[in-house]
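Below: one structure, written as structure tokens.
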Amino acid sequence: MHNYSIEEIALPESLDLLAELKAHINSNNGSAEDAQLSQFLDTACELFEHETDGMVILSTTFKQYFPCWQKCFQLARGKVSDIANVTYYDENDQEQEFTSWLGDATGIPGLVLMTDCNFPALSTMPRPIAIEFTAGWLSVEYLPADVKVAILQLAAHLYSNRESHTDEKLEELPMGFRRVCDKYKTGLGGI
């Protein structure tokens, strides 16, 4: 069980792979299926992030909340590209910024190390400490080729298996998708 909660506070731009997906599935339906194909791409991205235990596809800003001070905080999404700030609610329920910390985004998980362990008193709220950070690849152009292919494979698979009833045998997730997810697995599921 985790002792933190996390929220997205700045959503990423959309994954603009629609034209590539249409070419991948040999679609000649114009824009008639664009909305559905976009949903399949979004779902493929969400499944990638889930299967990798939090490897974020496109640059997204998060706020992660903690119940108490600790010497080192682990950030539950990867790969962290920026750690913006550490804030907390004091005993008067006023939000304050804590400035005595160092961020380490060189590995997964990203770490926030407290350099001054004379921590101020906290509010009685359940999670009074918040760390704001950004994780994910900067844009589609920076996505590794294997991640892009895995997303396209899964979206194409969802498109091919979209019927609830069929005479054809439905297939499980593409093997290539699972292998790419295994390669990028963060290990963050346990923190």
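Contact annotation: residue pairs with Cβ atoms under 7 Å, 6 or more positions apart or on different chains, pairing a residue in segment 103-118 that is part of a loop (DSSP other than H, G, I, E, B) with a partner that is at pLDDT 95 or above and polar (S, T, N, Q), are Ala105/Ser81; Pro109/Gln74; Thr115/Ser100; Asp116/Ser100. Scanning segment 50-75 for residues that are buried (at least 21 other Cβ atoms within 10 Å of the Cβ) and either among the charged types (D, E, K, R) or within 18 Å of Arg179 (Cβ to Cβ) (or both) yields Thr52, Met55, Ile57.
Can you find even one residue in segment 121-144 that is of a type in the set (Asp, Glu), in a loop (DSSP other than H, G, I, E, B) and either under 23 Å from Leu11 (Cβ atoms) or free of Cβ contacts under 8 Å to residues at least 40 places away in the same chain (or both)? Let's see the steps before the verdict.
Taking segment 121-144 as the starting set, the residues that turn out to be of a type in the set (Asp, Glu) are 132, 141.
Next cut, in a loop (DSSP other than H, G, I, E, B) only: none.
No, segment 121-144 contains no residue that is of a type in the set (Asp, Glu), in a loop (DSSP other than H, G, I, E, B) and either under 23 Å from Leu11 (Cβ atoms) or free of Cβ contacts under 8 Å to residues at least 40 places away in the same chain (or both).
Mind checking whether some residue in segment 30-38 is crowded, with 17+ Cβ neighbours inside 10 Å and hydroxyl-bearing (Ser, Thr, Tyr)? For segment 30-38, residues crowded, with 17+ Cβ neighbours inside 10 Å and hydroxyl-bearing (Ser, Thr, Tyr): present.
Within segment 50-98, track down each residue that is at negative phi and among the small types (Gly, Ala, Ser). Give the steps one after another, and end with the answer.
Here is the first cut: in segment 50-98, the residues at negative phi are 50-52, 55-92, 94-98.
Answer for segment 50-98, where residues must be at negative phi and among the small types (Gly, Ala, Ser): Ser59, Ala76, Gly78, Ser81, Ala84.
The values are calculated or read from the model by the stated rules, or taken from the named source; none is laboratory data. Please read all numbers here as calculations on a predicted model, not as lab measurements. No Cβ is skipped: glycine too gets one built from the backbone with ideal geometry, and neighbour counts run over all protein chains shown.
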